[in-house]
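These notes are about the structure you will find just below.
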Amino acid sequence: MGKRVLGLLVACVLGMAGAAQAQTTLRIVNHSDLKILDPIWTTAYIVRNHGYMIYDTLFALDGNLQVKPQMVDKWTTSDDKLVWTFTLRDGLEWHDGTPVTSEDVVPSLKRWAARDTLGQLLWTKVAEIKAVDARTFEIRLKAPTGIMIDALGKPSSNVPFIMPKRVAETDPFKQIEDYTGSGPFIFVKDEWKPGDKTVYVKNPKYKPRAEPPSNLAGGKVPKVDRVEWVAIPDQQTAVNALVKGEIDVIETPQHDLLKIMEADKNIKLPNLNKWGNQYIFRFNQLYKPFDNPKVRQAVLYAFNQKDFLDAVIGDPKWYKICKAMFMCDTPYASFKGFEDKYDSNFNKARELLKEAGYDGTPVVLMHSTDLYVLANLAPVAKALMERAGFKVDMQSMDWQTLVSRRARKDPPDKGGWNAFLTSSASVDIVDPLSNSYINAIGENGWFGWPKDDELVRLRTAFADESDPAKRKELALAMQLRVSENPTHAFVGQWYTPVAMRKNINGMLESAVTIFWNVEKK
């Protein structure tokens, strides 16, 4: 019955939108095509962005990076800090018209915690989570922790989106097949054509919070009837479409095409993510040669950030060479442990490979070809590694194929992999809790599966510590540990504006691209 009601609601909304489509349809070219629909199963940003369109969260991060209530109305903590009781705000409904209840929240958080690094850390403290009544749920802890609200308000991949109970009970390692949410937009599955477009319509029954919107928090007011994510992989074609008014927004315009858009009086280029992004080279530590820390160190000595940044971004106005693991211009920024790395010291890299007994095992390096912000990275990595003495087998594929393949634990010569490059927004990097690359818990961790008990101990201590000065010491200790036993290489900090027609207003400053509050005049 629920799916039938949802279908009728979507049809009704589509009918209303059709009458005023020229005024109320927002067309966007995103950084990637959407081929996966489960934001818990993968950390890919395009899937996270899809999640924010159709789902809601218990808490959310505002423009000052403070966690604010979203679906939650109020909460209390017991005197011993072991019992947290949360009450949902009134009027929350699923897209099929049924009410959101605590029975939905409990399995949603359990499924998220099985996949997310911060959720996994929180769940080491959780004794029980249960629904008390329709609007109240309770989390009982084994020991106090300072990360409860930070975890429930985690802004980026994986996000603790709340899903209906029947959906949330899906095995966390299998993809969901029902996309009913409670968020400001409704996903129109019948119009979803990977490689062509993804369609959302305004949820007319969404009840936004009363506060003004700020980043991911506050009132989420959908102001257009229909949103279309249009797949145009060629950036020049996308820019031409923007200039002609055939599309309204390019999420991540190609840097070498910015001058064309700057010269057009109908286009504006605001930078909505002031904290930027970080490029990442990720090792798979399950197999040779990156099961050896000296081999991983050799990569850090072979690399230099400028080559990577010049190959993709080009203009120093939009990038920063930065040896800080938690990014520059952030509370935990430090170069310690990395002062002598990222300078393409090939002699040192060869020395480490010799000490490690590297036998020429080829590195299967996955190369994403269809996202311009990634496409030139793997060839740079290959060239630098080969100069250091590595043998590199670079295998090219589109980003969504890479996203699927990186989840496989097969040997590299049987469909698996040794390394790939990606990019993370600042909100996923800037502290030890959000930074999934250093969650070295082994095979239940993020793709690459590093295992380092000392790093886990330091991260847990950071989570339990409330003193800011001691937290800085622990963050630095983690950075030094990674410099010795690398979990990943970070190869540059970069920034990009959003390109949009000047009749588009209301896009919020955020590290996540969101479309509530956006108006098309």
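The values are calculated or read from the model by the stated rules, or taken from the named source; none is laboratory data. Treat the numbers as computed from the prediction; the structure is a model and nothing was measured. Cβ sites come from the backbone with ideal geometry, for glycine too, and all protein chains shown count toward neighbours.
Okay, here's what the table says:
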read-out: Segments classed as strands (runs of 3 or more DSSP E), wholly inside the range 127-213, with at least 1 members that are hydroxyl-bearing (Ser, Thr, Tyr) and under 24 Å from the mean Cα position of the chain (by Cα); value: 197-202
read-out: Scan of the range 326-353 for residues that are touching a Gly at 6+ places or on another chain (Cβ under 8 Å) and closer than 21 Å to ARG481 by Cα, ordered by number; value: MET327, ALA349, LEU353
read-out: Yes/no for ALA511 being in a helix (DSSP H, G or I) and either out of contact with any strand residue (DSSP E or B) (no Cβ under 8 Å at 6 or more places or on another chain) or among the hydrophobic types (A, V, I, L, M, F, W, C) (or both); value: no
read-out: Subset of the range 487-518 that is of a type outside the set (S, T, N, Q) and more than 21 Å from the chain's Cα centre (by Cα) - its residue that is nearest to ILE321 (Cα to Cα); value: MET500
read-out: From the options ALA388, ALA440, ALA419, ALA425, residue that is assigned by TED's automatic domain parsing to the domain that holds SER344, touching a Gly at 6+ places or on another chain (Cβ under 9 Å), of a type in the set (A, V, I, L, M) and farther than 21 Å from ILE36 by Cβ; value: ALA419
read-out: Close pairs from the range 236-247: first within 12 Å of ASN266 (Cβ to Cβ), partner not aliphatic (A, V, I, L, M), Cβ under 8 Å, at least 6 apart; value: LEU242/ASP248; LEU242/ARG501; VAL243/ASP264; VAL243/ASN266; GLY245/ASN266; GLY245/ARG501
read-out: In the range 340-361, residue surrounded by the most Cβ atoms within 10 Å (Cβ to Cβ) [restricted to those that are among the acidic types (Asp, Glu) and over 13 Å from ASN304 (Cβ atoms)]; value: GLU351
read-out: Count of the range 314-339 residues which are farther than 20 Å from VAL380 by Cα and exposed (fewer than 14 other Cβ atoms within 10 Å of the Cβ); value: 4
read-out: Helices (runs of 4 or more DSSP H) completely within the range 345-438 that count 2 or more residues being out of contact with any Asp or Glu (no Cβ under 9 Å at 6 or more places or on another chain) and either within 27 Å of GLU251 (Cβ to Cβ) or of a type in the set (Val, Ile, Thr) (or both); value: 372-375, 377-388, 399-405
read-out: Residue count for the range 286-304, restricted to those that are in a loop (DSSP other than H, G, I, E, B) and surrounded by fewer than 24 Cβ atoms within 10 Å (Cβ to Cβ); value: 6
read-out: Subset of the range 108-136 (residues that are within 22 Å of PRO184 (Cα to Cα) and surrounded by 20 or more Cβ atoms within 10 Å (Cβ to Cβ)); value: SER108, LEU109, TRP112
read-out: Residues within the range 400-449 that are over 26 Å from ALA324 (Cα atoms), surrounded by fewer than 22 Cβ atoms within 10 Å (Cβ to Cβ), in contact (Cβ under 8 Å) with a residue 12 or more places away in the chain and not polar (S, T, N, Q), tallied; value: 7
read-out: Set THR101, THR117: member being of a type in the set (Val, Ile, Thr) and touching a Ser or Thr at 6+ places or on another chain (Cβ under 9 Å); value: THR117
